[in-house]
Amino acid sequence: MSALTVRGLNVVLGERPVLREVDLTVAAGEFMGLIGPNGAGKTTLLRTVLGLVRPASGTIRVEDEPLGRVRRRVGYVPQRHEFAWDFPINVADAVLSGRVRRVGWLRRPGVADYRAAGAALARVGMTGLADRPVGQLSGGQRQRVLVARALALRPSVLLLDEPFTGLDVPTQELLTDLFTELSRENKAVLMTTHDLTGAMHTCGSLTLVNQTVIATGAPEELRDAELWRRAFGIRRGSPLLAALGVA
Ligand SMILES: Nc1ncnc2c1ncn2[C@@H]1O[C@H](COP(=O)(O)OP(=O)(O)OP(=O)(O)O)[C@@H](O)[C@H]1O
């Protein structure tokens, strides 16, 4: 089943067209990398799927329902610098705050909320740090808190915005394994990343985007150097193409 369907999406920010006629489908169980150069509109696409940016036109459906009704089925891991790490809150409460959309601002969290937050924390291996103020965490620990916060909502679609930036290799591998496992549990995972070779190896599918979708498919279907040149504007003979195995 298609977990996320985007059709004919156009987004204008200020006066500037940022996304043009974007079509994208992510199936339940799919781990898709969303790849494109700086300014390609990747974050804007994720934020539009979340309902944080209003599109000029186009439709977004989650599990075949209009986004408005099912927004809580979409979990979001923002870029790390977007979270207020100086806020005086501990790890457990930061993860619990991921339930807000489900709890609602006016209701106190209940047993189910604490359970979901605890399970999410365990999933990222952070139970032992539940009482630690978030401001005292390392970059890798912060990233894991953000993932747990998104998982606390028990989403069917998980949007990840550059989750590997600034992380060491073991933490990147731990998170990659987790995202792969989540997709095997039938979640649709859509991840932006600048780690192109990593995405080639770990994502089940890739979408190359630069304002509009240049190509989408399994990594082995995207071995045409021309597609990568069009998406990134990189020169013929660039070592990147060789590293990607598409030269
Ligand atoms: N609030 C805004 N108002 C006007 N333009 C914006 C706004 N936010 C983003 N943009 C522009 O939209 C374009 C797409 O930005 P976006 O952050 O979505 O790209 P990205 O692919 O995520 O880039 P990066 O890889 O650098 O994170 C950029 O040209 C950016 O300057």
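Please treat every number below as a calculation from the coordinates, not as lab data. Since we're looking at a predicted model, the values are computed, not measured. Counting neighbours? That spans all protein chains shown, and the Cβs are built from the backbone with ideal geometry, glycine included.
Observations
- Each residue of segment 182-197 was assigned a 3J(HN,Hα) from its phi angle through the Karplus expression (A = 6.51, B = -1.76, C = 1.60, θ = phi - 60°), giving 4, 5, 5, 7, 5, 7, 8, 10, 10, 10, 7, 7, 9, 8, 5, 5 Hz with x at Gly and Pro.
- Each stretch of four or more DSSP H residues adds -39500 (n - 2.57); spread over every residue of the chain, this sum gives -9500 deg cm²/dmol at 222 nm.
- Beta bridge orientation in the chain: antiparallel %, DSSP, nearest 5: 55
- By the compact-protein rule of thumb, 2.2 N^0.38 Å, the alpha-carbon radius of gyration of segment 159-247 corresponds to a ratio of 1.11.
- Gap separating the Cα centres of segment 30-63 and segment 111-163, nearest whole Å: 23
- The chain, Cα convex hull volume normalised per residue, Å³: 132
- Rounded to 10°, Cα long-axis angle of helix 139-151 versus longest principal axis of the chain: 80
- ³J(HN,Hα) computed for each position of segment 21-33 - Karplus, 6.51 cos²θ - 1.76 cosθ + 1.60, integer Hz, glycine/proline x: 6, 7, 10, 8, 10, 10, 7, 4, x, 9, 10, 10, x
- Extent of segment 131-198 along its three principal axes (Cα atoms, max minus min coordinate, largest first): 33, 30, 17 Å.
- Of the residues V11, V91, the one with the fewest other Cβ atoms within 10 Å heads the list, and the complete ranking is V11, V91.
- Relative contact order (%) - criterion: Cα under 8 Å, at least six apart; region: the chain: 27
- Scattering curve values for segment 89-216, log₁₀ I(q)/I(0), Debye with Cα scatterers, q = 0.11 Å⁻¹: -0.41
- Working from label points 7 Å from Cα in the Cα-to-Cβ sense, the Y114 to R223 distance is 5.5 nm.
- Annotation: amide H-H contacts under 5 Å for L158 (H modelled 1.01 Å from N, sequence separation of 5 or more, or interchain): G75, A188, V189, L190.
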